[in-house]
1. Of the residues that sit in the stretch 143-179 and are in contact with a Pro (Cβ under 8 Å, 6 or more places away or on another chain) and of a type in the set (S, T, N, Q), which one is farthest from the ligand (Cβ to nearest atom)?
2. Any chance you could count how many residues in the stretch 133-153 are free of Cβ contacts under 8 Å to residues at least 24 places away in the same chain and outside any loop (DSSP other than H, G, I, E, B)?
3. Return the residues of the stretch 71-87 that are touching a helix residue (DSSP H, G or I) at 6+ places or on another chain (Cβ under 7 Å) and either open to solvent by less than 10 Å² (accessible area, probe 1.4 Å) or farther than 22 Å from residue 17 by Cβ (or both); say none if nothing qualifies.
4. Could you list all residues from the stretch 210-239 that are out of contact with any strand residue (DSSP E or B) (no Cβ under 6 Å at 6 or more places or on another chain) and not in a loop (DSSP other than H, G, I, E, B)?
5. Find the residue count for the stretch 344-378, including only residues that are touching a Gly at 6+ places or on another chain (Cβ under 8 Å) and closer than 16 Å to residue 310 by Cα.
6. Kindly provide the set of residues from the stretch 286-316 that are in contact with a Phe, Trp or Tyr (Cβ under 8 Å, 6 or more places away or on another chain) and crowded, with 22+ Cβ neighbours inside 10 Å, ordered by number.
7. Look through 382, 327, 344 and report the one residue that is acidic (Asp, Glu) and more than 20 Å from the chain's Cα centre (by Cα).
8. Pick out the one residue from 309, 397, 363 that is without any contact (Cβ under 8 Å) to a residue 24 or more places away in the chain, within 16 Å of the ligand (Cβ to nearest atom) and farther than 28 Å from residue 181 by Cα.
Amino acid sequence: MNASAQEFNRSSKKDDFESPDFYLMDDLLTEEQLLIRASVREFVKKEISPIIEDAAQKGVFPEFIVQKMGDLGVFGPTIPLEYGGQGLDYISYGLMMQEIERGDSGMRSTASVQGSLVMFPIYKYGSEEQKRKFLPKLGSGEFLGCFGLTEPDFGSNPGGMRTNIKEDGDFVILNGSKMWISNAPKADIAVVWAKNEQGRIKGIIVERGMEGFSTPEIHGKWSLRASTTGELVFDNVRIPKSNILPEADGLKAPLSCLDNARYGIAWGALGAAMDCYESARKYAMERIQFDKPIASFQLIQKKLAEMLTEITKAQLICWRLGKLKNEGKASTAQISLAKRNNVEIALTIAREARQIHGGMGITGEYPMMRHQMNLESVVTYEGTHDIHLLILGHEITGIQAFK
Ligand SMILES: Cc1cc2nc3c(=O)[nH]c(=O)nc-3n(C[C@H](O)[C@H](O)[C@H](O)COP(=O)(O)OP(=O)(O)OC[C@H]3O[C@@H](n4cnc5c(N)ncnc54)[C@H](O)[C@@H]3O)c2cc1C
């Protein structure tokens, strides 16, 4: 469904979100980073908050947001300006993801996929011609992209993939299928990972309209309902060799893209957690039971205190990881720790915040249920919660426990 802004019922509720800053983390941000955060926060209040509950309830992707996000500059912000990015640092990128996911994880998924999983591999592994052809259109939002790694039989173990390419003169013939692909049903291009005849994993750009390429939508999701997810089906798709990413060879290429996206997820989940916390804090001050605001009860205060503690720890993790990313020193295991921790605390906070809202918390009047359901995907995609734990276990012991 091609949904324009007018197709959604607009909420009359004012979004007056301000992020908690218990440890004065804002003092660690530059003027530019604070400005970027403020502009994305305003964008979310104006464009996402008013329609997101309706979009999620209807299960419709607000496609108009793609162009608007492109205009705002949130696609591939760390990619140089000449290739359609913004030439920004990783903390700025993280803050963007935090603010967008504060609005909705599905909207952040759209931005993460476009920037970290489509633009980044083309920028890092693509030819000059591919970069000039695709990156500016992806950066501006004229094109939407998707990233095809997962297959029906290979999720946590993508190296087992069956999707393959065979040589045919100046072309390759692509066969196979990909599953659970964010943005797929609407994507103009897909960065697809497939094995060549030597069994090496290669990246290839598949363009909508190529014969034998289809993107059926996956229906019935209870999670990321405002994001569109689909399959990628390749039935003898004939693709020019010039669409193969020349510098990508082996599983480490798609995994390097995932590192970037997971970094953004660590910040994004923090955004969802902050939204739930702020909603719960305000509700607890206003809701009267036993003639007092429920905020006056110790058990409510315990919940709020624990939420703020976890949010503050997650903020510190994100900021430090951002510094390491800027210095090119962030390791896969450090990113795993951040993604795993921040999504877990966000899920717990969403749940506790929902309880503070009592019965009202189950409605779309408040954001917790939507965040909670969204986070059920976020805890699974880009490496499941347990796989990240095993990546950390490997780092600690030198012993790989997942193969
Ligand atoms: C909404 C959504 C959007 C997505 N978007 C994309 C996308 O854009 N592109 C893309 O390529 N993929 C995407 N994915 C796929 C996602 O990355 C996979 O779902 C994820 O990697 C897990 O794979 P799986 O679902 O096949 O689960 P499985 O790998 O089958 O895992 C099932 C369970 O077994 C556990 N498990 C598996 N192996 C081990 C082990 N060795 N030790 C211990 N436990 C193990 C897992 O932790 C999990 O709990 C998306 C998924 C969802 C839900």
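The values are calculated or read from the model by the stated rules, or taken from the named source; none is laboratory data. Note that the structure is predicted; figures quoted are calculated from it, not measured. In this analysis, Cβ positions are derived from the backbone assuming ideal geometry, glycine residues included, and neighbour counts consider all displayed protein chains. Surface areas here come from the heavy atoms of the whole protein model, side chains and all, with no ligands, DNA or RNA. Shrake-Rupley method; radii C 1.70, N 1.55, O 1.52, S 1.80 Å.
1. 177
2. Taking the stretch 133-153 and keeping what is free of Cβ contacts under 8 Å to residues at least 24 places away in the same chain, we get 133, 153.
Add one more test, that the residue is outside any loop (DSSP other than H, G, I, E, B), and what stays is 133.
Of the residues in the stretch 133-153, 1 are free of Cβ contacts under 8 Å to residues at least 24 places away in the same chain and outside any loop (DSSP other than H, G, I, E, B).
3. Initial filter on the stretch 71-87 (touching a helix residue (DSSP H, G or I) at 6+ places or on another chain (Cβ under 7 Å)): 72, 74-79, 83-85, 87.
74, 75, 76, 77, 78, 79, 83, 84, 85, 87 - these are the residues of the stretch 71-87 that are touching a helix residue (DSSP H, G or I) at 6+ places or on another chain (Cβ under 7 Å) and either open to solvent by less than 10 Å² (accessible area, probe 1.4 Å) or farther than 22 Å from residue 17 by Cβ (or both).
4. The answer is 235, and nothing else.
5. First pass over the stretch 344-378, keeping only residues touching a Gly at 6+ places or on another chain (Cβ under 8 Å): 353-355, 368-370, 374, 378.
Filter once more, keeping what is closer than 16 Å to residue 310 by Cα: 353.
Number of matching residues: 1.
6. Result: 307, 311, 315.
7. Working: 382 fails: more than 20 Å from the chain's Cα centre (by Cα); 344 fails: more than 20 Å from the chain's Cα centre (by Cα).
Only one candidate qualifies: 327.
8. Details: 309 fails: within 16 Å of the ligand (Cβ to nearest atom); 363 fails: within 16 Å of the ligand (Cβ to nearest atom).
Selected residue: 397, the only one of 309, 397, 363 that is without any contact (Cβ under 8 Å) to a residue 24 or more places away in the chain, within 16 Å of the ligand (Cβ to nearest atom) and farther than 28 Å from residue 181 by Cα.
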